[in-house]
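Undergrad: There's a structure below that I have some questions on.
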Ligand code: ADP
Ligand code: MG
Ligand code: MG
């Protein structure tokens with residue numbers, strides 16, 4: 001198995017920032033009918049700050065990259081998604097510890113722990129029409145990044161017929177049905193960026 005170093009993790013976060021930037025308008029559009037139309041701008045602001053931080057601070061280990069990125073998301077994203085994504089990355093970073101290089105299997109296990117922490121923090125489970133509908137299948141797909149990205153994209157699409165049970169969209173009750181969840185969509189972008197960084 002190929003070992004992944006800090007440079008790989010910086011490539012991942014940079015690819016994620018670029019993808020969020022490209023898709024920001026779409027994420028905000030998805031957040032219009034079932035939210036407050038800010039998911040794209042929230043994520044764009046957060047990941048621009050992550051990119052800037054990684055350029056200047058250049059953390060030396062995979063765990064330090066994820067921990068720094070998570071902390072930056074928590075401090076720059078006002079919405080629900082900031083603390084949730086921040087928790088995902090910080091927990092994963094903590095699990096990776098101070099190893100110089102990690103295997104894809106170790107990264108998968110660390111992300112799975114991060115996804116558990118998101119579920120703990122937000123009290124949501126798969127089927128509640130949240131980011132977890134993309135994150136849980138993604139980490140469940142294992143250490144192959146292409147498969148994880150495909151599972152996340154599929155999970156995001158599968159939120160359309162669901163009724164939201166957590167977050168702002170849940171206030172709409174049955175009227176949340178028929179719309180794709182913005183957070184599940186941004187989660188799919190993060191896993192697509194991971195697959196891209198691995199190419
Ligand atoms: P806000 O709802 O505060 O405006 P965002 O628009 O940035 O924040 O993010 C909304 C997304 O956050 C939702 O689409 C959903 O995927 C995710 N989300 C909201 N609440 C929860 C929760 N309790 N658990 C998991 N994900 C959640
Ligand atoms: Mg919103
Ligand atoms: Mg908001």
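The values are calculated or read from the model by the stated rules, or taken from the named source; none is laboratory data. For clarity, every value in this text was computed on a predicted model and none was experimentally measured. Glycine also receives a Cβ, built like all others from the backbone with ideal geometry; neighbour counts cover every protein chain displayed.
Undergrad: Quickly run through the range 61-85 and pick out the residues that are crowded, with 24+ Cβ neighbours inside 10 Å and within 16 Å of ligand 2 (Cβ to nearest atom).
TA: Once the filter is applied, which keeps residues that are crowded, with 24+ Cβ neighbours inside 10 Å and within 16 Å of ligand 2 (Cβ to nearest atom), the range 61-85 yields 73, 77, 81, 84, 85.
Undergrad: Could you tell me which numbered condition residue 56 fails, if it satisfies all but one of (1) over 15 Å from residue 167 (Cβ atoms); (2) touching a helix residue (DSSP H, G or I) at 6+ places or on another chain (Cβ under 9 Å)?
TA: Of (1) over 15 Å from residue 167 (Cβ atoms); (2) touching a helix residue (DSSP H, G or I) at 6+ places or on another chain (Cβ under 9 Å), only one is false for residue 56: (2).
Undergrad: Also: Which of the residues belonging to the range 32-58 are away from ligand 1 (no atom under 16 Å from the Cβ) and either buried (at least 17 other Cβ atoms within 10 Å of the Cβ) or without any contact (Cβ under 8 Å) to a residue 40 or more places away in the chain (or both)?
TA: Correct list: 51, 52, 53, 54, 55, 56, 57.
Undergrad: Here's something else I'd like to know. Report whether or not residue 118 is closer than 21 Å to residue 12 by Cα and touching a strand residue (DSSP E or B) at 6+ places or on another chain (Cβ under 8 Å).
TA: no
Undergrad: Out of the residues in the range 175-190 meeting the condition of being under 18 Å from residue 124 (Cα atoms) and free of Cβ contacts under 8 Å to residues at least 60 places away in the same chain, tell me which one is surrounded by the fewest Cβ atoms within 10 Å (Cβ to Cβ).
TA: For the range 175-190, the residue satisfying everything is 177.
Undergrad: Let me ask something else about it. For the range 139-150: of the residues being in contact (Cβ under 8 Å) with a residue 40 or more places away in the chain and assigned to a helix (DSSP H, G or I), which is surrounded by the fewest Cβ atoms within 10 Å (Cβ to Cβ)? Before the answer, list the steps.
TA: Applying the first criterion (in contact (Cβ under 8 Å) with a residue 40 or more places away in the chain) to the range 139-150 yields 143-146, 148-149.
Those still in the list that are assigned to a helix (DSSP H, G or I) too: 145-146, 148-149.
Numbers: 145: 23, 146: 15, 148: 25, 149: 23.
The selected residue is 146.
Undergrad: Does residue 86 satisfy the criteria of being near ligand 1 (Cβ under 9 Å from one of its atoms) and in contact (Cβ under 8 Å) with a residue 12 or more places away in the chain?
TA: Here the answer is no, as residue 86 does not meet what is asked.
Undergrad: Sticking with this structure for a sec: State which residue is nearest to residue 8 (Cα to Cα) when the search covers only the range 59-80 and only residues that are within 15 Å of the chain's Cα centre (by Cα) and within 11 Å of ligand 1 (Cβ to nearest atom).
TA: If we take residues in the range 59-80 being within 15 Å of the chain's Cα centre (by Cα) and within 11 Å of ligand 1 (Cβ to nearest atom), then 73 is nearest to residue 8 (Cα to Cα).
Undergrad: State yes or no: is residue 134 more than 16 Å from ligand 3 (Cβ to nearest atom), surrounded by fewer than 23 Cβ atoms within 10 Å (Cβ to Cβ) and either within 25 Å of residue 166 (Cα to Cα) or modelled with pLDDT under 95 (or both)?
TA: no
Undergrad: Could I ask something else about it? Just give me the residues in the range 78-125 being within 13 Å of residue 183 (Cα to Cα), part of a loop (DSSP other than H, G, I, E, B) and modelled with pLDDT of 95 or more, in sequence order.
TA: Selection gives 80, 124.
Undergrad: One residue is enough: does the range 17-27 have a residue meeting the conditions within 15 Å of ligand 1 (Cβ to nearest atom), part of a helix (DSSP H, G or I) and crowded, with 21+ Cβ neighbours inside 10 Å?
TA: yes
Undergrad: Looking at (1) assigned to a loop (DSSP other than H, G, I, E, B); (2) under 20 Å from residue 59 (Cβ atoms); (3) within 16 Å of ligand 2 (Cβ to nearest atom), which is the only condition residue 164 fails?
TA: That leaves (2) as the condition not met.
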